[in-house]
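Q: Next up is a structure, given as structure tokens.
The values are calculated or read from the model by the stated rules, or taken from the named source; none is laboratory data. In this text, all values refer to a predicted model and were calculated from it rather than measured experimentally. Because the Cβ atoms are built from the backbone with ideal geometry, glycine has one as well, and the counts that use them run over all protein chains shown.
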């Protein structure tokens, strides 16, 4: 089992568009295993390769017992609307109501290059869309309305800067 460190907000790799996978060798198998193992830790629903510093179009998911991965995924359809709390392993402790499609269908391939389709509603749909955003260099903060985004960034800035001198922390 290889649990990898998560890249945090501010790391440039989180803003890069990930490259399509073209080499389906042993390195890709290790990456998929690392994504699945790292994503199995409690409180985790999905993990994109960029979040562990790899700029390839691969992610894993583990939502309510539904676990898997997709290589070179793409969203083929989405419908409906949901708005619920969303967070990100790369921005620990920050959650905000984030709009997403209620239903999503994503296609990709497995380690053997065979087609895979993953379809989900609710939390799985949210996870699939969130991880696809990571592969395109986007964080969930970009999906927030301007006022909510400013509030979330302010909270993040306050948390990262710590308490002001002469003020007790909470």
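Q: In the stretch 9-26, is there at least one residue being surrounded by 13 or more Cβ atoms within 10 Å (Cβ to Cβ), in contact with a helix residue (DSSP H, G or I) (Cβ under 6 Å, 6 or more places away or on another chain) and within 15 Å of residue 126 (Cα to Cα)?
A: So far as the stretch 9-26 goes, no, none of its residues is surrounded by 13 or more Cβ atoms within 10 Å (Cβ to Cβ), in contact with a helix residue (DSSP H, G or I) (Cβ under 6 Å, 6 or more places away or on another chain) and within 15 Å of residue 126 (Cα to Cα).
Q: Still on this structure, I have one more. Of 42, 73, 97, 12, which residue is at pLDDT 95 or above and farther than 21 Å from residue 119 by Cα? Before you say what the answer is, go through the steps one by one.
A: Details: 42 fails: at pLDDT 95 or above; 73 fails: farther than 21 Å from residue 119 by Cα; 97 fails: at pLDDT 95 or above.
Only one candidate qualifies: 12.
Q: Restricting to the stretch 28-37, count the residues that are out of contact with any strand residue (DSSP E or B) (no Cβ under 8 Å at 6 or more places or on another chain) and either part of a loop (DSSP other than H, G, I, E, B) or surrounded by 12 or more Cβ atoms within 10 Å (Cβ to Cβ) (or both).
A: 3
Q: Every residue in the stretch 51-63 that is assigned to a loop (DSSP other than H, G, I, E, B) and surrounded by 22 or more Cβ atoms within 10 Å (Cβ to Cβ), please. Outline the logic, then answer.
A: At the first step, the residues of the stretch 51-63 found to be assigned to a loop (DSSP other than H, G, I, E, B) are 53-55, 57.
Within the stretch 51-63, 57 is the sole residue that qualifies.
Q: Go through the residues of the stretch 38-50 one by one and say whether even a single one is touching a strand residue (DSSP E or B) at 6+ places or on another chain (Cβ under 6 Å), surrounded by 20 or more Cβ atoms within 10 Å (Cβ to Cβ) and under 14 Å from residue 111 (Cα atoms).
A: no
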